[in-house]
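Beneath this line is the structure, given in structure tokens, with notes to follow.
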Amino acid sequence: MATASGLLCALIVTGGAALTHGAAHHHGSASDRDNIVDIAAASEDLETLVTALGAAELVDAIRDANGITVLAPTDAAFGELDQRALANTIENHPTGRLADVLKYHVIPERLTAAELVQRRFVTTLDGQRLELNITGSGLEINDAGIVAADIEAENGIVHVIDSVLIPAKENIAETASNADTFETLLAAVGAAGLGEFVSTTDPITVFAPTDDAFAELGAEKIAELLEPENREALVEILSYHVVAGRLYGGDLFEASEIDAVAGGGLRPSVREGSIFINDAQVIAANIDAANGVVHAIDSVLIPESFEVSSPEPMRWSEPAGPVLTLAIERGVPLFNNGQQAACAAVYEVAIAAVLGLENGLPDGARAALSSSLDEGREEHDAARRAWVFREGMDRALVALRARGDGAATGRMTASARGSH
């Protein structure tokens, strides 16, 4: 195989204006046609693609595959990419990110241009989808146009395209974080110890409740879930939002029931043109991620078997205090045992839940929590993030006491006043 520098040199070569495909226009019986790899190698305009397939160790896989469609970017298309980023991918991630990008150009079925026009989406070898649209200039695949169609091969068909197709790079946790509407969900995932699962398991579908959805769940319910005795219940609820495999909107239309990772069935339905999962409406569908797909929903899904124990009744008529105190009681041992990220996640869930209260929260407490939540989410160090959240919670508890609620310190146990 060529050296990394040699590969980079090959990858930044751009092709001429004319497309010359050599064997591409050979029409005969399937056994007489060249393999897709041979067709690409014979073209003066697909040298970059061939080099990239070699670097990613995909040549044999493409050569041995049958009944596939390859969307082949020209050399000029590769030339439009950031060459420094491309060099880094070639040198450091040839069988990782580069392979994922190339698989995103392979459809595991043979589709002519006329057949592609009939589709709205196609699923690629990478697992993610491509969107097909008819525009004034013809068929577009994502943002790529076809410049040479229906090049027959022994093992499939090739369509030459004018842009490189880029699949989603971020995993589900990163995708949710970038959306800025799933902060409470991410915090709950961290508190439950499921961060690695949603980041690395491939492929999965996640029905993701928004921050507003968690707020509607209620602070008292959040308080129960923060009880150490109820960690398994929190895991069960979150796992009830996850399904194995990639399920897009069309798949949900066709299913009467789908199995959640936690066990138990989820019931998709269509009401007035909108998709529902149980009683939760899908408000943003088909958000692709590297390891699956996300559908945003407007309420939290609760398994039918779900039960939460509550060791003590709530002592305050206002639920804000118990939520914050429970979070501190649970977070302090985590922090002192070196699990600062988990501690911060517990605090974040609690603060988000309390801020979701529509009334009854003193202005001083709300301001303290809101500012700490904003500041903490900007902090990358887990220990510092936990301290920022904790300081905001402490200020909020002071504000609650100032309101004259003598019970405001009732459950601040000695363990909660530990070294954190």
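Summary table below
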| read-out | value |
| --- | --- |
| Inter-probe distance in nm under a simple model that places probes 7 Å from Cα toward Cβ, at GLU304 and ALA367 | 5.0 nm |
| Segment ASP251-SER177, length gained on full extension (0.36 nm per residue, minus Cα span) | 24.1 nm |
| Alpha-carbon spread of segment 163-219, three principal axes, descending order, Å | 48, 23, 15 |
| Nonlocal amide H pairs with ILE297, under 5 Å, H built at 1.01 Å | ALA208, THR210, ILE283 |
| Rounded to whole Hz, the Karplus (6.51, -1.76, 1.60) HN-Hα couplings of segment 362-368, x for glycine and proline | x, 4, x, 5, 5, 5, 5 |
| Cα-based Kirkwood hydrodynamic radius, segment 83-233, one decimal, Å | 18.8 Å |
| Placed amide H near ASN171: partners under 5 Å, 5+ positions off or other chain | ALA290 |
| Amide proton proximity set for TYR104, modelled H, under 5 Å, gap of 5+ | ASP126 |
| Using a Förster distance of 51 Å, the FRET efficiency for ASN88-VAL398 (Cβ separation, nearest 0.05) | 0.55 |
| Phi to ³J(HN,Hα) by Karplus 6.51 cos²θ - 1.76 cosθ + 1.60 over segment 380-387, Hz, x for Gly, Pro | 8, 7, 5, 5, 5, 4, 4, 5 |
| Estimated FRET transfer efficiency when R0 is 41 angstrom, pair ASP279-LYS169 (beta carbons, to 0.05) | 0.75 |
| Added length on full extension, which subtracts the Cα-Cα distance from 0.36 nm per residue, THR95 to ARG119 | 5.6 nm |
| Nearest-0.05 FRET efficiency for GLU44 and THR112, computed from C-beta distance (R0 22 Å) | 0.35 |
| Average silhouette area of segment 163-322, convex hull of alpha-carbon atoms, in square nanometres | 10.7 nm² |
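Laboratory data are not the source of any read-out in this text; all were calculated from the coordinates shown. These numbers were taken from a predicted model, which means no experiment stands behind them. A quick note on method: Cβ atoms are made from the backbone with ideal geometry, for glycine too, and the neighbour counts reach across all protein chains shown.
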